[in-house]
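Contents: one structure, followed by commentary.
The values are calculated or read from the model by the stated rules, or taken from the named source; none is laboratory data. None of these values were measured; they are calculated from a predicted model. Heads up, the Cβs are rebuilt from the backbone with ideal geometry, glycines too, and the neighbour counts pull from every protein chain shown.
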């Protein structure tokens with residue numbers, strides 16, 4: 001029962017983020033936009049490139065979908081609404097998100113096309129940049145919660161949400177989260193202008209629909225992860241817990257989507273420099289800072 | 001008992017496959033993949049011994065962490081050496097690496 | 001044989017066969033990227049075996065680390081190998097007979113030990129997952145602190161060594177041109 005409810009909330013979140021993304025990028029709010037767009041994609045002809053690596057070509061979109069759903073499965077929406085309450089929940093989010101990269105490498109190599117391959121390998125460069133930055137802030141969060149269980153992480157923020165307790169880690173994690181779900185300005189894998197769609201270029205028809213749906217789910221999952229780890233999850237005064245979780249996650253997703261409109265695209269070479277020269281020292285400082293705060297404050 | 005033997009059998013098979021790969025491949029990257037498979041088999045055995053013989057002693061899990069670390073490090077240094085060799089010679093085929101052969 | 005042991009044996013056998021099958025694919029396929037990703041899925045199956053043996057932290061760690069490592073291995077294969085797509089059907093092996101014999105001997109020796117050694121009493125249950133993470137942390141911080149510190153220093157050494165090896169050639173060339 002709770003599994004179905006959580007997945008329903010995930011689907012609803014994905015729908016709302018799709019409407020938001022359409023609104024932000026076109027300026028017109030169309031509530032039925034995702035449905036018409038999805039049906040149009042399903043109705044279109046499904047082309048397969050000339051000599052694809054069949055296994056990779058077919059497996060990549062479902063793998064992206066599965067990894068996004070698995071990462072969402074360990075995040076609590078309310079105190080008793082979680083699909084799988086793993087003992088190492090905070091680490092499992094990272095394990096599931098690592099398969100985003102596997103899926104994109106497959107999607108890059110599979111279609112036997114130049115733009116797709118360049119997009120896929122560029123995402124690998126982005127991965128080397130963001131992979132440290134997405135784990136280290138979670139370490140600091142787990143330090144405060146004294147547990148890897150995601151429910152404990154939310155409970156530990158009852159006094160003060162982590163965004164205010166460890167602001168450096170919050171900013172680093174948000175940047176890394178935008179890199180994971182390849183939102184603009186870090187959308188090199190499927191750059192619409194530069195790489196003619198990049199990883200998505202060779203997918204058409206229902207496979208493209210699965211790919212786009214997977215990406216939306218990934219955005220929702222990462223927004224939910226930011227909410228759980230940094231914004232206090234379900235805590236809030238008046239509304240029921242799940243409403244607070246949903247509201248916070250949607251707000252985070254909207255903020256992440258809006259940033260993309262105002263910042264130019266960041267190539268993976270620059271992103272690598274920024275992450276390794278600035279991001280990792282900041283993340284290490286964050287861990288040290290949280291450690292000092294935890295040991296010194298009563 | 002059966003479960004332990006099943007896990008150890010899987011570890012043994014992985015070790016054999018990894019050994020075949022490490023000895024038969026000519027390319028540095030493929031040899032490293034053989035070593036990775038061997039280490040994976042060793043880790044399966046370690047966790048099986050921990051779980052079925054001594055689940056209260058956690059140094060078994062510590063050993064697995066050390067093996068995982070060694071896997072990552074061996075790959076890193078191996079690829080550093082491979083990069084250096086590729087730059088100087090143009091390939092990483094181990095059949096051509098006979099400069100030190102007496 | 002309780003239901004739990006039967007389930008555990010079944011999952012161990014299933015994921016073990018998956019790991020072995022993917023490991024065989026690694027060396028039989030001629031496409032390099034398929035080889036690297038088959039190794040990835042083999043290691044993921046090993047991670048799933050850890051989860052089946054109730055070592056939750058190790059399983060999740062294995063799945064996470066190996067995904068990243070093997071994808072990086074994939075790009076190195078594309079960079080350094082002659083035929084990454086595998087369409088040329090080259091045979092890149094040497095001393096095939098020796099390595100087959102060595103592999104079989106190694107596997108059979110380990111199997112013989114596994115079947116015929118007296119392993120003693122088999123423990124019934126492991127600590128719960130929540131307890132395990134805590135106990136593992138305590139083990140790292142108390143008894144195995146020296147090992148952990150050594151591992152940390154080793155990681156640092158390996159990082160410096162790998163970086164120095166990978167960039168060494170440029171420095172030598174620059175010094176040569178400066179003379």
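Conditions tested, residue by residue: (1) more than 20 Å from residue B:54 (Cα to Cα); (2) more than 8 Å from chain B (Cβ to nearest Cβ); (3) in contact with a helix residue (DSSP H, G or I) (Cβ under 6 Å, 6 or more places away or on another chain); (4) not in a helix (DSSP H, G or I).
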| position | (1), (2), (3), (4) |
| --- | --- |
| C:42 | yes, no, yes, no |
| C:48 | yes, yes, yes, no |
| C:67 | yes, yes, yes, no |
| C:99 | yes, no, yes, no |
| C:122 | no, no, yes, yes |
Inset, instruction - Please specify each residue of the stretch B:10-24 satisfying the condition of being surrounded by fewer than 22 Cβ atoms within 10 Å (Cβ to Cβ) and either at the interface with another protein chain (Cβ under 7 Å from one of its Cβ atoms) or touching a strand residue (DSSP E or B) at 6+ places or on another chain (Cβ under 9 Å) (or both). - result: B:23
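Those residues that are facing chain C (nearest Cβ under 7 Å) and in contact (Cβ under 8 Å) with a residue 40 or more places away in the chain, I need them from the stretch B:58-78; list them, please.
Of everything in the stretch B:58-78, just one residue is facing chain C (nearest Cβ under 7 Å) and in contact (Cβ under 8 Å) with a residue 40 or more places away in the chain, namely B:75.
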Inset, instruction - Would you check if there is a residue in the stretch A:54-70 being over 17 Å from the mean Cα position of the chain (by Cα), over 26 Å from residue A:14 (Cα atoms) and part of a helix (DSSP H, G or I)? - result: yes
Inset, instruction - Test residue C:37 against the criterion of being within 14 Å of chain A (Cβ to nearest Cβ) and either assigned to a helix (DSSP H, G or I) or under 27 Å from residue A:134 (Cβ atoms) (or both), and give yes or no. - result: yes
Legend entry - Any chance residue A:132 is surrounded by 21 or more Cβ atoms within 10 Å (Cβ to Cβ), within 12 Å of chain C (Cβ to nearest Cβ) and in a helix (DSSP H, G or I): no
Legend entry - Test: residue A:283 is closer than 25 Å to residue A:127 by Cβ, at pLDDT 90 or above and under 15 Å from the mean Cα position of the chain (by Cα): no
Legend entry - Subset tally (residues that are loosely packed, with under 15 Cβ neighbours inside 10 Å, more than 14 Å from chain A (Cβ to nearest Cβ) and part of a loop (DSSP other than H, G, I, E, B)) for the stretch C:124-171: 4
Inset, instruction - Of the numbered conditions (1) modelled with pLDDT of 90 or more; (2) surrounded by fewer than 18 Cβ atoms within 10 Å (Cβ to Cβ), residue A:226 fails exactly one; give the number of that condition. - result: (2)
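Among C:58, C:12, which is farther than 21 Å from residue A:103 by Cα, at the interface with another protein chain (Cβ under 7 Å from one of its Cβ atoms) and touching a residue at least 24 places away in the same chain (Cβ under 8 Å)? Working first, answer last.
Numbers: C:58 fails: touching a residue at least 24 places away in the same chain (Cβ under 8 Å).
Checking each option against the conditions leaves just C:12.
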Legend entry - Candidates B:92, B:5, B:67 - the one that is surrounded by fewer than 20 Cβ atoms within 10 Å (Cβ to Cβ) and within 19 Å of residue C:70 (Cα to Cα): B:67
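Suppose the filter is in contact (Cβ under 8 Å) with a residue 12 or more places away in the chain and part of a helix (DSSP H, G or I); does residue A:158 pass it?
Numbers: in contact (Cβ under 8 Å) with a residue 12 or more places away in the chain: yes; part of a helix (DSSP H, G or I): no.
When the stated conditions are applied, residue A:158 does not pass them.
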Inset, instruction - Looking at (1) part of a helix (DSSP H, G or I); (2) in contact with a helix residue (DSSP H, G or I) (Cβ under 9 Å, 6 or more places away or on another chain), find the lone condition where residue B:95 falls short. - result: (2)
Inset, instruction - Return yes or no: is residue A:46 farther than 20 Å from residue A:65 by Cβ and out of contact with any strand residue (DSSP E or B) (no Cβ under 7 Å at 6 or more places or on another chain)? - result: no
Legend entry - Residue that is farthest from residue C:10 (Cα to Cα), among those in the stretch C:69-80 that are within 10 Å of chain A (Cβ to nearest Cβ) and in contact (Cβ under 8 Å) with a residue 40 or more places away in the chain: C:78
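Quick check on residue B:49: is it more than 7 Å from chain C (Cβ to nearest Cβ) and either part of a helix (DSSP H, G or I) or surrounded by fewer than 21 Cβ atoms within 10 Å (Cβ to Cβ) (or both)? Please lay out each step first, then the result.
Values: more than 7 Å from chain C (Cβ to nearest Cβ): yes; either part of a helix (DSSP H, G or I) or surrounded by fewer than 21 Cβ atoms within 10 Å (Cβ to Cβ) (or both): yes.
Yes.
If you take the residues in the stretch B:31-46 that are over 30 Å from residue C:4 (Cβ atoms) and at the interface with chain C (Cβ under 7 Å from one of its Cβ atoms), which one is surrounded by the most Cβ atoms within 10 Å (Cβ to Cβ)? I'd like the intermediate steps shown before the answer.
Residues of the stretch B:31-46 over 30 Å from residue C:4 (Cβ atoms): B:31-36, B:38.
Retained after the next criterion (residues that are at the interface with chain C (Cβ under 7 Å from one of its Cβ atoms)): B:33, B:36.
Numbers: B:33: 27, B:36: 25.
That would be B:33.
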